[in-house]
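Novice: This is the structure, below, for whatever I ask next.
Please treat every number below as a calculation from the coordinates, not as lab data. Since the model is a prediction, treat every value here as computed from it, not as a measurement. Using ideal geometry, Cβ is built from the backbone for each residue, glycine included, and neighbour counts are taken over all protein chains shown.
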Amino acid sequence: MVDPDINPYPASTGWRRSPYTLYRPVGRSRAAYYGPRPARPVSNDWIKPKCDFRTIEKTAHVQVTEGSDEVEFDRLVGEWKREVRSKSLMITIAMHPAYQQMMGMGPKVLPFIFERIKRSDEKAYQWFWALAAITRQNPIPIEMRGKIREMTRAWLRWGQEHGYVVLD
Amino acid sequence: MATSSWTDWPHEFTLSGATDFAQDFPNLQPNFCQGNISPATDEYNCFAWAASITSDRWEPDPLGQFFWPQTVMRSYELDSYIAAFRTVGFEVCSNGSLENGIEKIAIYVDGGQPQHAARQLENGNWTTKFGDFEDIEHTDLACLHGPVYGSVHLYMWRPRGLSGSRKGAPNIGTSLR
C-alpha cells in the first residue's frame, strides 16, 4: 500500500507522481505506457436516456391530479365487468388484468370499493377478493363463507370501523 | 311447467342479450333449452347449484371468502372439486346417461381446471346456472361446450333425493355444512 504522504519516486530518480498514476514514468506518453486507447463505440446510444424524462414528469403530474384515481378506478372496473359476465369463478375475475391493476392501486381504492358496495349489494361478492387482498384482513367467519348478503354486511361493518365508509 | 323447447331466447334469459353471448356459447341454441328460468342471482354459483345448494357460493378461493367444505383443500384443481362434491354424496361415474333414482352432475373443464358444473334433472335434461345470471334447463351437455366452460370432463352421481341424513357423510346438504 502506497502512503500518499510519502513520495516513493523523488525527482532524482527520474520518476514522479502523475495525476493519472503513481507508476507511470515521467516523459513517457500515456499511449506508450498503456498502449492504444480502446476504440470508441461506433454508436453512443448507450449514453442516451432510455426514456424522455420530460414525458415522465408530465405523466406524473397527470396522475396526481385530483380525482384521477377515481376515474382510473372506474375505467378498470368497467373493463373487467364487461369481460367476465358469464364466468362462475371469482378467480377468473380476480386474474383479469384490469382487476389486478385495480388491486395494484392499493388502499386508496378502498373508499371507492366500499362506496360501490354500499350503493348496491348486487354482485358485491366481486369486491371481496380485492378487499381481502388489499387490507390483508378477513372479517368473514368460517360459518359465513359463501353467504353473499351476510358477507356484504360484514365487510361494510369492517369498512365503517376502519373509516372507509359511513353507513346510514 | 313448460316442457316444449324454446324457439327463441325468452327475455327472462338476460344473458342471451349480452353482446358476446354467441361468441362465448357458440353451440347453445334456443331449441336446446326449455322449461322455467330461475331469476338471476349472485347468491349461488354453478357449482353450488350442481349440488342443489342455493344459499352459498362454492369456490376454493385462497383468501377464504367463499364456501368450500372444510375438510377439502382449497385448490382450483379437479381433485379438489371431486373431493368437495364427495362431501355432498357424489361419486365419480363413467357417463351422464339417465338412470332411475340416480342424480348426476357433469363437470366442465378448460385448461385443466373446472369451469362449470351442470346437474341432471329427473326428466333427463340438465340444469345450468350461468355465472350471476339465470339458471336454465337444457337438453344436452355439448351445447355448453366452448371457450368459456370448455367441455365435459367428468361425471359424478349420487342417489336422487339424498339429504343430510346420509351415513358417513356429515357435510351433506346445506343444513349440515
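Novice: Provide the three semi-axes, in whole Å and in decreasing order, of the ellipsoid equivalent to the range B:25-159 as defined by the square roots of 5 times the Cα gyration tensor eigenvalues.
Specialist: Output for the range B:25-159: semi-axes of 22, 17, 15 Å.
Novice: Tell me which aspartates and glutamates have Cα within less than 16 Å of B:Lys104's Cα, excluding those fewer than 8 residues away on the same chain?
Specialist: Reachable aspartates and glutamates: B:Glu91, B:Glu122, B:Glu137, B:Asp140.
Novice: Relative contact order for the range A:67-161 using alpha-carbon pairs under 8 Å, separation at least 6, rounded to a whole percent? Working shown, then result.
Specialist: Working: 66 pairs, mean separation 22.9, N = 95.
It comes to 24 percent, rounded to a whole number.
Novice: To continue, here is another question. Can you show me the helix-derived [θ] at 222 nm for chain B, built from DSSP H runs with n ≥ 4 at -39,500 (n - 2.57) apiece and divided by the number of residues, rounded to the nearest 500.
Specialist: Numbers: 3 runs with 18 residues, N = 177.
Calculated at 222 nm, the ellipticity per residue is -2500 deg cm²/dmol.
Novice: Which far-off residues, 5 or more places away or on another chain, put their amide H under 5 Å from the one on A:Val165, with H placed in the peptide plane?
Specialist: A:Gln160
Novice: Checking the a/c ratio against 1.5 first, then a/b against b/c, what shape does the Cα gyration tensor give for the range A:67-161?
Specialist: Verdict is oblate for the range A:67-161.
Novice: Please average, across the residues of B:15-21, the number of beta carbons from any other chain that are within 10 Å of each residue's own beta carbon, and give a whole number.
Specialist: If you average over the peptide's residues, the count of other-chain Cβ atoms is 2.
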